[in-house]
Every structure is written in C-alpha cells, then in structure tokens.
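Take a look at the structure set out below.
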Amino acid sequence: MNHTSHAFLTATNAGHPPNYERIKDEYEVSGLGEPQGSASVRTTVINMPREVSVPDHVVWSLFNALFMNFCCLGFIAYAYSVKSRDRKMVGDVTGAQAYASTAKCLNISALVFSILMVVITIIAVVCIV
C-alpha cells in the first residue's frame, strides 16, 4: 500500500498559495472598558486562606521523650505533637493549635522537671561525698 499524501488542488488554487484572511471581529482584544455584547457581568471572588504555620513541636517532643522523660511527660508531649501534625495535614488549624499548645506545655514541664532532677541529684551527690 502506498501511504503518500497528495495535496488537494482544485482548478482555482492550482499553482497559487492559499489565501489566508484574518478575521478581525472575533479575535482582537478590545481595550479596557465594559465588555461588548453582554448584558450583565457576574464576578466571583474566592478568598483563599493563606498558609498558617502551626508549630507542632515534634522534634522537641522526641528529644524530651528520649532524653528528659520525667514521669513520661516527654512521651505524652510526643503523642500530642503527632496529633497536632495530623490535624494540620487534615486542614483543621484550630485543632492543630490546641494540640500544639498542649504539647508545648508538656515539653516545658518535662524539660524543667528533668533539669531540676539533675540539679538536685548533683547537689545530693556533692553533699553526701
């Protein structure tokens, strides 16, 4: 089979290139002003909320859970941090802020109590020796 393409030539355009014309009415962009040919124009405004950065304190909670886990406060803070991150991924900013606030308080408590225990232990060892 021969699949070569043949140009369709008629007697009117044989030997001459096709005549291309620009259609001005449909494709030109009019200047600023009211739209032409429409009775009413409806606009829709969509307010996109900007990305709210909610700190979830996962790294701090993990550090406290591994090294300063006074009465398991670091582990509980880590659980709340993970919940905060989950809420943030779902899009619940209010829930993420609530869990992050709880995780922050637990992290501060774990850090303070752990440092106090280390200081008290050092003072007790020095006093005994």
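Any read-out appearing in this document is the output of simple, stated calculations on the displayed coordinates, not a laboratory observation. Predicted model only: the values in this text are computed from it and were never measured. Using ideal geometry, Cβ is built from the backbone for each residue, glycine included, and neighbour counts are taken over all protein chains shown.
Packing, as the average of other Cβ atoms within 10 Å across residues, places the peptides 113-119, 92-98 in the order 92-98, 113-119, highest first. Each residue, Cys105 and Leu66, gets one label point 7 Å from its Cα in the Cβ direction; the gap between the two is 2.7 nm. Among residues other than Ala103 whose Cβ falls under 11 Å from its Cβ, what is the net charge (Lys/Arg +1, Asp/Glu -1)? Summing Lys/Arg as +1 and Asp/Glu as -1 gives +2. Annotation for Ala98 and Met117: the two label points, set 7 Å from Cα along the Cα-Cβ direction, are 3.0 nm apart. The 3J(HN,Hα) values that the Karplus relation (6.51, -1.76, 1.60; θ = phi - 60°) gives for the stretch 110-118 are, in residue order, 4, 5, 5, 5, 5, 5, 4, 5, 5 Hz. Gly and Pro appear as x. Ranked by the mean number of other Cβ atoms within 10 Å of their residues, highest first, the peptides 54-60, 80-86 come out as 80-86, 54-60.
Mean silhouette area of the stretch 67-129, derived from the convex hull of its C-alpha atoms and averaged over all directions, reads 4.2 nm².
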